[in-house]
Number of protein chains: 2
Amino acid sequence: MTLNISIPPVDAEAARAARQRIDNLTKPLGSLGRIEELAERLASMAGAIPSHAYERRTIVVAAGDHGITEERVSAYPADVTPQMVGAFLGEFAAINAFARVARADVFVANFGVAHDLPDHPRLFNRPVARGTRNFAREAAMSEEELFAALRAGIAVVDELIARAPVDVFAFGDMGIGNTTSAAAVICALIGAAPEDIVGRGTGVDDEALRRKIVAVRTGVSRCIPGDWKQNACEVGGFEIAGLTGMILAAASHRIPVVLDGFIVTAAALLAQRIDPAAIDYCIASHRSRELGHTVALRELGLRPLLELDLRLGEASGAALALPLIEAAARMISEMKTFAEAGVATGEPTVTV
Amino acid sequence: MTLNISIPPVDAEAARAARQRIDNLTKPLGSLGRIEELAERLASMAGAIPSHAYERRTIVVAAGDHGITEERVSAYPADVTPQMVGAFLGEFAAINAFARVARADVFVANFGVAHDLPDHPRLFNRPVARGTRNFAREAAMSEEELFAALRAGIAVVDELIARAPVDVFAFGDMGIGNTTSAAAVICALIGAAPEDIVGRGTGVDDEALRRKIVAVRTGVSRCIPGDWKQNACEVGGFEIAGLTGMILAAASHRIPVVLDGFIVTAAALLAQRIDPAAIDYCIASHRSRELGHTVALRELGLRPLLELDLRLGEASGAALALPLIEAAARMISEMKTFAEAGVATGEPTVTV
């Protein structure tokens, strides 16, 4: 099976033009640090110097359940997944509060929650199955299911864009047990040891942490190095594969994707294995306290914007980074250059 | 001379109540990291759990000129100070772009620019003098001038609050040569070596950096340890003293102050020497690339929210942190608790 998706390369010429403009804005050279880098990257993605504030911001939280919760790897019961989807749609969860800060719309995509979810105008109800199978005992999903989830993710993004233009996406996750699946995906894809990747997720105790490591080791032991399809089937999750599809689709439309934390980064790693060009459209929002997140970010070559000790998911970190995207876009599109502003630069008047 | 200002202590009971509510919101315990700490601090400042989004945001950029520029310590000519004030009021500088992101108002306070500035509805035109004297040769200002600048800062904040309520202030600086003055203030107040505090400011070369260090060492050599008044007179700046007054005044009204970078942190250090309670109302926005900033933040016991390699000033970093203040306020005021939301918590259903 293959995915019919094509990601255009980013535009190095537009990035150079952006850098030239940034270096002439009314501020000391390089004085806006990472905001300048961000503006350059936005230009490379858009193929032109941004001329607007990236105000059409769309957050999608991908939800799914995990058979691996049978191994008691989470501090929360699996029932919490649909309850939290209800909280997102009821607009009283963390992501809703943070989306108001970023003036972003929040959608939920159900790629495989174990319960039926009632329809809602902000819910894409596309479950591949009622949760994955327990990967400590068998493959989490079949190849058909993997591709169904990837294609469902692509369809969600394509449908959102067809409804209304989107300037920037922020993607997040919800799924009890999904830090275990994400850790296994990362271990399988980069060949890391479970001890270096598995963390406490929502805050499990030492006993549950040991169970998580054992579960990941068991699942990963069946994974064939270099075979992303097989790896994702063995230990993946429906929301993780859905997120991978969403990332690929956003990149195919040249739309920047703000990645949330550990789970979304695992999905981005899978996207990279499918098409490395996808990562050129990805912006890492924050460094999570989850152990393997830094390892996965390094593998992607991404440096996160924020370090706020977050470990919630839901796109909460991605939402907090959206104002920085806006700041970068406004910097390059709204500030004047020294010449435009008639402000003296350092060179002509200082003789050292 | 003394300042007639009184700062109420922060409310530890309100902080505890906030922590209790945060621990019951629909998210894993502690999973929003530093945003949770911020919400606790906002409660301690307000004396109650925040019930709104801190939407009335006011940015003030304090401007002043420095006689020390005669020592050729900056990459920019001193004329740039009034030109940049023009850019702020013309709304095409970095701070204007970032203020739009934060939906904040921008005001400028002239505490001692070397040129006359035309009146403008967003300019507080309160110059103490036309720039400080060259502190490499003599005291930067008299004690009368120091207190005039401190009182001018207090007056600006009092007048802003009298015009319209303010939920949060963000303070920044503009003044060619002011990283040299700020470095000297920090060295004098904490007894640090100039080599450990002086940085490249707007980006000076090695020669100018050496001149900066020599200038700071010369000025600081006249400073009497433990005498903040004398220290500020010897090596301070009018915008730095104005900022100190603004910080003290905001704290006296229990209004949170988001500090920008190196210059504003030096002003906060001076405020701490005047009344340590002021710092309980201060939030450090970012860690600047300027050398001594980290040392000064440590002395204040503040950990910055952002690390974006900024070194611009103008309140640019403070503006970028305002959405995090809003996020903390919205988290605690808009999220439901597990009980309110009817979502299962970990404890009753997981048996380990």
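Semi-axis lengths, largest first, of the ellipsoid equivalent to region A:1-156 are 39, 21, 15 Å, with √(5λ) applied to each eigenvalue of the Cα gyration tensor. The residues of chain B have, on average, 33 Å² of accessible surface per residue, using a 1.4 Å probe with all protein chains present. Shielding by partners for peptide A:305-313, expressed as the average number of C-beta atoms from other protein chains within 10 Å of each residue's C-beta, is 6.
Shape descriptor for region B:200-345: Rg over Rh equals 1.09 (Cα atoms; Rh from the Kirkwood inverse mean 1/r).
Across the residues of A:101-114, average count of Cβ atoms on other protein chains within 10 Å? Don't skip to the answer; put the middle values down first.
Working: counts 12, 4, 1, 0, 0, 0, 0, 0, 0, 0, 0, 0, 0, 0.
That works out to 1 on average.
The GNM of chain B, with springs linking C-alpha atoms under 10 angstrom apart, assigns the highest mean-square fluctuation among B:A232, B:A162, B:A149 to B:A162.
Sorted from closest to farthest, the other copies place their A:D119 label points 6.4 nm away, with each point set 7 Å from Cα along Cα→Cβ.
Ignoring everything except DSSP H segments at least 4 long, calculate the 222 nm mean residue ellipticity for chain B; use -39,500 (n - 2.57) per segment, divide by total residues, nearest 500. Rounded to the nearest 500, the figure is -14500 deg cm²/dmol. Across identical copies of the chain, B:D23 has label-point separations of 5.4 nm, listed in ascending order, with the point defined 7 angstrom from Cα along Cα→Cβ.
Among B:6-17, B:128-139, the peptide with the highest mean count of other Cβ atoms within 10 Å heads the list, and the full ranking is B:128-139, B:6-17.
Take each residue of peptide A:33-44, count the partner chain Cβ atoms within 10 Å of its Cβ, and average: the result is 3.
Once a ≥ b ≥ c are taken as the square roots of the eigenvalues of the Cα gyration tensor of the protein assembly as shown, is the result rounded (a/c under 1.5), prolate (a/b larger than b/c) or oblate (a/b not larger than b/c)? The shape class here is prolate. Against the main long axis of the alpha-carbon atoms of chain A, helix A:143-163 sits at an angle near 40°. Distances, shortest first, from the label point of A:V295 to those at the same position in the other copies read 3.9 nm; the point lies 7 Å along Cα to C-beta.
Per-peptide packing, taken as the mean over residues of other Cβ atoms within 10 Å, places A:300-309, A:105-114, B:219-228 in the sequence A:105-114, A:300-309, B:219-228 from highest down.
Axis between B and A by rotation; chain B residue with nearest Cβ and distance in whole Å recorded as B:P323, 2. Between 0 and 90 degrees, the angle of helix A:12-22 with respect to the longest Cα principal axis of chain A falls at about 50 degrees. Over the C-alpha trace of region B:144-197, radius of gyration and Dmax come out as 15.1, 44 angstrom.
For region B:65-161, what mean projected area does the convex hull of the alpha carbons give, in nm²?
Value for region B:65-161: 7.0 nm².
Given a cut-off of 32 Å, what percent of all Cα-Cα pairs of chain A lie beyond it? Result: 28 percent of Cα pairs exceed 32 Å.
Legend: no residue in region B:192-241 is shielded by at least 40 square angstrom of accessible surface upon adding the remaining protein chains to the isolated chain (1.4 Å probe, heavy atoms). Between chain A and chain B, the total buried accessible area stands at approximately 5100 Å², from heavy atoms with a 1.4 Å probe.
Over chain B, with every protein chain in place, what whole percent of the accessible area is carbon and sulfur at 1.4 Å, could you tell me?
Solvent-exposed carbon and sulfur of chain B make up 50 percent of the total.
The values are calculated or read from the model by the stated rules, or taken from the named source; none is laboratory data. Since this is a predicted model, take the numbers as computed values, not measurements. Positions of Cβ are generated from backbone atoms using ideal geometry, with glycine treated the same way; all protein chains shown enter the neighbour counts. Each accessible area value is taken on the protein alone, full model and side chains, heavy atoms only, with ligands, DNA and RNA left out. Shrake-Rupley method; radii C 1.70, N 1.55, O 1.52, S 1.80 Å.
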